[in-house]
Amino acid sequence: MRLAALMLAVVLTGCAGRGPVTPVAPATPWDDRLAALDQLGGWALQGRLALKGPRESASGSVLWWQGQDGFELRLHGAFGRGALRLTENTAGARLERADEAPMEASRAAVLLADALPETPLPLASLRYWVLGRPAPGAVDVQQLDADNRLSLLRQDGWEIRYLEYQPVPPWVLPSKLQARQGEVELRLAIKRWAPGEHAP
């Protein structure tokens with residue numbers, strides 16, 4: 001009896017010294033994460049974008065608003081000789097650059113290919129990738145981290161690596177990502193997310 005009492009006292013003393021244990025929150029399942037992103041609606045992001053191609057490279061600040069039926073992308077700094085504004089909606093697309101006449105086309109991808117011929121931006125897929133989700137269509141490789149967030153994605157000939165995430169309640173969205181296709185590399189550092197942002 002004495003031995004049992006002594007062992008019980010030792011166990012109780014050890015438990016008391018540890019203090020309360022904070023439970024670890026379970027990771028959000030991948031399907032639930034996608035369902036939450038479906039509720040995001042329109043959004044805006046602000047940050048820095050760097051592009052590197054086989055014969056040229058450029059970097060600058062980026063402001064991107066994305067809605068259901070259109071978007072506006074503004075690049076400043078080394079892009080577009082100082083400034084570039086690209087918009088697309090149901091009426092078509094328009095590209096504006098400093099000291100140049102505006103250009104119009106049916107799709108923004110056509111205009112952007114003219115503005116950045118050596119370092120194309122995959123806009124159609126990038127609008128999904130920046131949220132930490134695949135674009136619609138086939139996925140070649142998809143890897144998740146311990147929190148069931150994308151860490152690696154291969155799709156449409158691109159490889160996207162997610163380096164950091166940030167809380168944007170009630171979501172968790174990427175803050176740093178890197179995309180590569182052949183000799184073209186894109187790096188995006190997002191300083192600010194604004195879910196639900198309306199068109200500028």
*So how do TRP193, TRP171, TRP129 rank on accessible area, 1.4 Å probe, biggest first, that is with the largest at the start?*
TRP171, TRP193, TRP129
_Separation of alpha-carbon centers, region 69-147 and region 151-188, rounded to whole Å_ = 15 Å
*How much of ILE160 can a 1.4 Å solvent probe reach, expressed as accessible area in Å² and rounded to 10?*
0 Å²
*Just how much of ARG133 is accessible, in Å², when a 1.4 Å probe is used and the result is rounded to the nearest 10?*
40 Å²
*What is the pair-distance distribution P(r) of region 85-149, computed from all Cα-Cα distances in 5 Å bins starting at 0, with each bin given as a whole percent?*
4, 14, 20, 19, 15, 10, 8, 6, 3, 1
_Rounded accessible area of LYS191 (nearest 10 Å², 1.4 Å probe)_ = 150 Å²
*asked:* At 1.4 Å probe radius, can you tell me the per residue accessible area of region 53-200 in Å²?
replied: 52 Å²
*Solvent-accessible area, 1.4 Å probe, carbon plus sulfur percent, for region 67-193*: 47 percent
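The values are calculated or read from the model by the stated rules, or taken from the named source; none is laboratory data. Here the structure is a predicted model, which means the values were calculated and not measured. Surface accessibility is based on the protein's heavy atoms, side chains included, excluding ligands, DNA and RNA. Shrake-Rupley method; radii C 1.70, N 1.55, O 1.52, S 1.80 Å.
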